[in-house]
Amino acid sequence: MGQPPVASYRKLHIHADGAEALQALWDVIDGARSELVLCTFLLGRDAMGNALIKRLIDRARAGVSIRL
């Protein structure tokens, strides 16, 4: 199905709280250079959803392949 290989648990990060998890998400998106695959079951029409879409659009405009 064209999916990237599954990451090992050695790459699993547990964040202390939602703020830390959100910053980690922003760091991953902002650091993407060639491809970004994001899997989510819910994307709201709220401040968080809007901020996420804006970051994805910015990365796509920078030449990063985005799969949502």
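A few remarks follow.
- Extension gain (nm, one decimal) between Val64 and Leu43, 0.36 nm per residue minus Cα-Cα: 5.5 nm
- Per residue, the accessible area of the chain comes to 83 Å² when a 1.4 Å probe rolls over the protein heavy atoms.
- The residues packed around Ala47, meaning those with a beta-carbon under 15 Å from its beta-carbon, carry a net charge of +2 if Lys and Arg are +1 and Asp and Glu are -1.
- Treating each Cα of the chain as an identical point scatterer and summing with the Debye formula, the log10 of I(q)/I(0) at q = 0.11, 0.17, 0.19 Å⁻¹ comes to -0.29, -0.72, -0.90.
- Net charge in the neighbourhood of Ile29 (other residues with Cβ under 9 Å of its Cβ; Lys, Arg +1, Asp, Glu -1) is -1.
- Protein heavy-atom surface of the chain, 1.4 angstrom probe: 58% of the accessible area is carbon and sulfur, with nucleic acids and ligands not counted.
- Rough spin-label spacing in nm, given labels placed 7 Å along Cα→Cβ, for Ala51 and Asp27: 1.6
- Surrounding net charge for Ala60, when Lys and Arg each add one and Asp and Glu each subtract one, Cβ distance under 15 Å: +3
The values are calculated or read from the model by the stated rules, or taken from the named source; none is laboratory data. Model, not experiment: these values are computed from the prediction. Please note: Cβ atoms are built from the backbone with ideal geometry, for glycine as well, and neighbour counts cover all protein chains shown. Accessible surface areas use protein heavy atoms only, side chains included; no ligands, DNA or RNA. Shrake-Rupley method; radii C 1.70, N 1.55, O 1.52, S 1.80 Å.
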